[in-house]
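**Q** I have a structure here, written as structure tokens, and I will follow up with some questions on it.
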Amino acid sequence: MKAIFKKILNRKQSESSPVGLPENHRLYCIGDIHGRLDLLQEVHQKIACDALAFDGVKILVYLGDYVDRGIHSRQVLDCLLENHFPDFKTVFLMGNHEQVLLEFLNNKDLSVALDWFRFGGLPTLASYGITVRGIPTARDLQQLRAEFRQKMPAVHLAFFERLHLYYEIGGYFFAHAGVRPKIKLHRQRPEDMLWIREEFLNSDVFHGKVIVHGHSITDEPEIRHNRIGLDTGAYASGKLTCAVFEGTSCRFL
């Protein structure tokens, strides 16, 4: 794996694209959590131990998809809001699951709820004490949304509404799903950064920076010359991946 990463960093880049992180910086990046509070707490402990002796600039990036599928979405939000790393710069990115949750809360078209329920929304509602019985009617959906709005703490809603679409530093660009090839990074569409799969995953194009992403599950962290994928399917596999970037190196917790 080290040899592969060295190859990434030796590729030809434009003069405007720095390699690796700035000096005296260390960045931790956590993949898709999906309601697995137990794994998040374990990774937080590992980060705390790993960073103990480092006195430089410390950054923690979460790649989104905090909710759905796992059974502790609400508890994951509570954990993230506790600010376990006050001496870190912390960046929370939006995932497609957070986008759909917000659409359910705010969109007049309630049909989005049925899609959300199919790909993991029901455990999120359950974590807030809301039960869905049978196939909900339009009236049921209105009531569910009203109950969800009532039971969601204001700090949780504010958290969802403040999520970032991307973060970039040095030679890295962090986005939940990835980017659309051959489109400059500053012109990427939100929908692509939240949802894109095959066109990004199958592309050999270098995007100006190495893209660090989640969204698409692999058994192990996936390192390519143009991207690094960190979604190891925590909700089902029991493996939540955290990458550690420092200088031109990358390792995993």
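The values are calculated or read from the model by the stated rules, or taken from the named source; none is laboratory data. The shown structure was predicted, so the numbers you read here are calculated from the model rather than taken from an experiment. All Cβ positions, glycine included, derive from the backbone under ideal geometry; neighbour counts span all protein chains shown. SASA here: full protein model, heavy atoms, side chains in, ligands and nucleic acids out. Shrake-Rupley method; radii C 1.70, N 1.55, O 1.52, S 1.80 Å.
**Q** Do you know which residues across segment 76-111 are open to solvent by 20 Å² or more (accessible area, probe 1.4 Å), within 16 Å of Phe148 (Cβ to Cβ) and not in a loop (DSSP other than H, G, I, E, B)?
**A** Gln99, Leu102, Glu103, Asn106, listed by residue number.
**Q** Residues of segment 124-155 being open to solvent by 30 Å² or more (accessible area, probe 1.4 Å), at pLDDT 95 or above and either in contact with a Lys or Arg (Cβ under 6 Å, 6 or more places away or on another chain) or at positive phi (or both), which ones?
**A** Hit for segment 124-155 is Gly129, nothing else.
**Q** Taking Asp87 and the conditions (1) out of contact with any helix residue (DSSP H, G or I) (no Cβ under 7 Å at 6 or more places or on another chain); (2) closer than 19 Å to His176 by Cβ, which numbered condition does it fall short on, given that it satisfies the others?
**A** Answer for Asp87: the failing condition is (2).
**Q** Determine whether Arg189 is of a type in the set (Lys, Arg) and either within 17 Å of the chain's Cα centre (by Cα) or closer than 28 Å to Ser73 by Cβ (or both).
**A** Spelling it out, Arg189 is indeed of a type in the set (Lys, Arg) and either within 17 Å of the chain's Cα centre (by Cα) or closer than 28 Å to Ser73 by Cβ (or both).
**Q** If you don't mind, there's one more thing I want to ask. How many residues does segment 58-75 hold that are touching a strand residue (DSSP E or B) at 6+ places or on another chain (Cβ under 8 Å), over 17 Å from Thr232 (Cα atoms) and open to solvent by less than 10 Å² (accessible area, probe 1.4 Å)?
**A** 2
**Q** Find all pairs meeting these conditions: Cβ atoms under 9 angstrom apart; at least six residues apart or on different chains; first residue within segment 35-57 and touching a residue at least 12 places away in the same chain (Cβ under 8 Å) and outside any helix (DSSP H, G or I); second residue open to solvent by 50 Å² or more (accessible area, probe 1.4 Å) and among the hydrophobic types (A, V, I, L, M, F, W, C).
**A** Gly35/Ile71; Arg36/Ile71
Residue by residue, here is whether (1) open to solvent by 30 Å² or more (accessible area, probe 1.4 Å); (2) under 21 Å from Thr124 (Cβ atoms); (3) at pLDDT 95 or above holds:
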| position | (1), (2), (3) |
| --- | --- |
| Gly170 | no, no, yes |
| Arg187 | yes, no, yes |
| Glu191 | yes, no, yes |
| Arg197 | yes, no, yes |
| Asp204 | yes, no, yes |
| Gly214 | no, yes, yes |
| Ile228 | no, no, yes |
| Leu240 | no, yes, yes |
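**Q** Any residue in segment 59-79 that's at positive phi: show its pairings with residues that are among the β-branched types (Val, Ile, Thr) and part of a loop (DSSP other than H, G, I, E, B) at Cβ separation under 7 Å, as long as the two are six or more apart or on different chains.
**A** So the pair list comes out as Asp65/Ile33.
**Q** Return the pair list, or none, for Cβ contacts closer than 7 Å from residues in segment 138-166 that are within 22 Å of Gly214 (Cα to Cα) to residues that are open to solvent by 60 Å² or more (accessible area, probe 1.4 Å) and part of a helix (DSSP H, G or I), at least 6 apart or on different chains.
**A** Phe159/Leu81; Leu165/Pro190
**Q** Looking only at segment 208-253, which residues are polar (S, T, N, Q) and part of a strand (DSSP E or B)?
**A** Ser249
**Q** Conditions first: (1) in contact (Cβ under 8 Å) with a residue 12 or more places away in the chain; (2) under 30 Å from Tyr28 (Cβ atoms). Pro86 passes all but one, so which condition is the exception?
**A** (1)
**Q** Scan segment 170-184 and report the pairs whose first residue is without any contact (Cβ under 8 Å) to a residue 12 or more places away in the chain and whose second residue is in a loop (DSSP other than H, G, I, E, B) and surrounded by fewer than 24 Cβ atoms within 10 Å (Cβ to Cβ), with Cβ atoms within less than 9 Å and a gap of 6+ or a chain change.
**A** Ile183/Arg189; Ile183/His207
**Q** Taking segment 5-30 as the search range and keeping residues that are modelled with pLDDT of 80 or more and open to solvent by 30 Å² or more (accessible area, probe 1.4 Å), which one is farthest from Arg224 (Cα to Cα)?
**A** Residue satisfying both the conditions and the ranking: Asn24.
**Q** Looking at segment 17-34, which of the residues that are assigned to a loop (DSSP other than H, G, I, E, B) and charged (D, E, K, R) is nearest to Asn83 (Cα to Cα)?
**A** Residue satisfying both the conditions and the ranking: Asp32.
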